[in-house]
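> I'd like to ask some things about the structure below.
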Amino acid sequence: MALEKAVIDILDGTTVVDQIRVLFNPTDYSIERANVFKSTSIPGLSGPILQFVNGEADMLSLELFLDDYTDRPSGGGKGTVGRLDDLASLLEIRSGTHAAPVVRFVWGRLSFKAIIEKMSRKMTLFHPNGIPARASVNITFKEYRTLTELLREPRLESPDKSKRRVVVGADSLWIMAWREYRDPARWRVIAEANDLDDSRSIRPGDWLVVPPLEADLGTGGSR
């Protein structure tokens with residue numbers, strides 16, 4: 001089987017407008033993901049309450065190797081300096097979009113659509129005239145997904161699902177109803193589901209059941 005070289009596709013939307021083929025495939029790469037949680041301290045509890053805020057984008061990190069002596073440029077081919085310039089251009093802001101280009105790193109079964117978050121270049125060997133002949137490039141790709149893709153994968157939980165929510169800070173039933181149903185007038189739905197006679201009786205740290213929205217459909221806001 002022929003050796004498959006990794007490539008960096010430069011995208012214009014979903015169309016490949018240019019491509020950078022790596023000289024040597026990376027020896028390894030790492031993919032990292034993290035989530036963001038809000039920590040809320042409640043008096044009297046032995047630890048804080050953690051609430052999920054959002055997920056971070058996947059990060060792909062790898063090192064590319066460039067060398068003029070292994071792959072001498074000929075017939076107008078690009079050497080180490082030219083390849084470095086091509087890679088560095090992926091961090092430049094484009095005039096049409098006012099942003100750095102979206103790219104896709106492809107190697108075998110790995111296809112990673114991203115923007116380049118950071119890049120470091122280290123020159124390790126030079127020609128007699130001082131021009132770099134060998135370099136290593138560390139690149140960190142940050143996953144790029146459109147709003148449509150984020151909403152579709154995964155599908156966000158909707159108000160037709162039962163949930164449990166903790167009361168935090170100055171939360172009120174009106175605020176929770178707006179946050180869950182986008183309608184503060186539906187606070188009675190939450191109050192009735194939790195047998196609350198006084199809507200102001202909730203306190204930070206209380207857990208409340210948020211019932212499915214369809215339980216209130218067709219009732220005119222009352223039960």
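The values are calculated or read from the model by the stated rules, or taken from the named source; none is laboratory data. It should be emphasised that the depicted structure is a prediction, and the values quoted were computed from it without experimental measurement. Glycine also receives a Cβ, built like all others from the backbone with ideal geometry; neighbour counts cover every protein chain displayed. Just the protein is used for accessible areas: all its heavy atoms, side chains included, with ligands, DNA and RNA removed. Shrake-Rupley method; radii C 1.70, N 1.55, O 1.52, S 1.80 Å.
> Could you give the radius of gyration (one decimal) and Dmax (whole number) of the Cα atoms in region 1-98, in Å?
When restricted to the Cα atoms of region 1-98, Rg and Dmax are 21.5, 75 Å.
> Okay, next question. Can you give the extra length, in nm with one decimal, that the chain gains between ALA34 and SER111 once fully stretched, where that is 0.36 nm per residue apart less the Cα-Cα distance? Mind dumping the intermediate values first?
Numbers: separation 77, 0.36 × 77 = 27.72 nm, distance 1.98 nm.
Between ALA34 and SER111, full extension yields 25.7 nm more.
> Any idea how far apart ALA99 and ASN129 come out in nm if each label point goes 7 Å out from Cα toward Cβ?
So the two model labels end up 4.0 nm from each other.
> Right, something else. Counting only heavy atoms of protein chains, what accessible area per residue, in Å², does the chain have with a probe of 1.4 Å? Show your work: numbers first, answer last.
Values: 14210 Å² over 223 residues.
Ligands and nucleic acids excluded, the figure is 64 Å² per residue.
> Per residue of the chain, what 222 nm ellipticity follows from adding -39500 (n - 2.57) for every DSSP H run with n ≥ 4, rounded to the nearest 500? Walk me through the intermediate numbers first.
Numbers: 4 runs with 31 residues, N = 223.
Theoretical 222 nm ellipticity from helices: -3500 deg cm²/dmol.
> In nm, to one decimal, how far is the SER89 label point from the ILE175 one, both placed 7 Å along Cα→Cβ?
5.1
> Name the residues whose placed amide hydrogens come within less than 5 Å of the amide hydrogen of ASP183, ignoring near sequence neighbours (fewer than 5 apart) on the same chain.
TRP178
> Which residue, ALA135, ALA57, ALA99, has the most motion in a Gaussian network model of the chain that connects Cα atoms within less than 10 Å?
Maximum fluctuation in the GNM of the chain, among the listed residues, is at ALA99.
> Subtracting the Cα-Cα distance from 0.36 nm times the residue separation, let me have the gained length for TYR144 to VAL16 in nm, one decimal. All intermediate terms of the calculation are to be shown ahead of the outcome.
Details: separation 128, 0.36 × 128 = 46.08 nm, distance 1.52 nm.
My answer for the length gained is 44.6 nm.
> For the chain, which whole-number percentage of the solvent-accessible area (1.4 Å probe, protein heavy atoms only) is attributable to carbon and sulfur atoms? Present the calculation step by step, with values, prior to reporting the outcome.
Numbers: 7360 of 14210 Å².
The nonpolar share, carbon plus sulfur, comes to 52 percent.
> What is the Cα convex hull volume of the chain when expressed per residue in Å³?
Taking only Cα atoms, the chain has a hull volume of 225 Å³ per residue.
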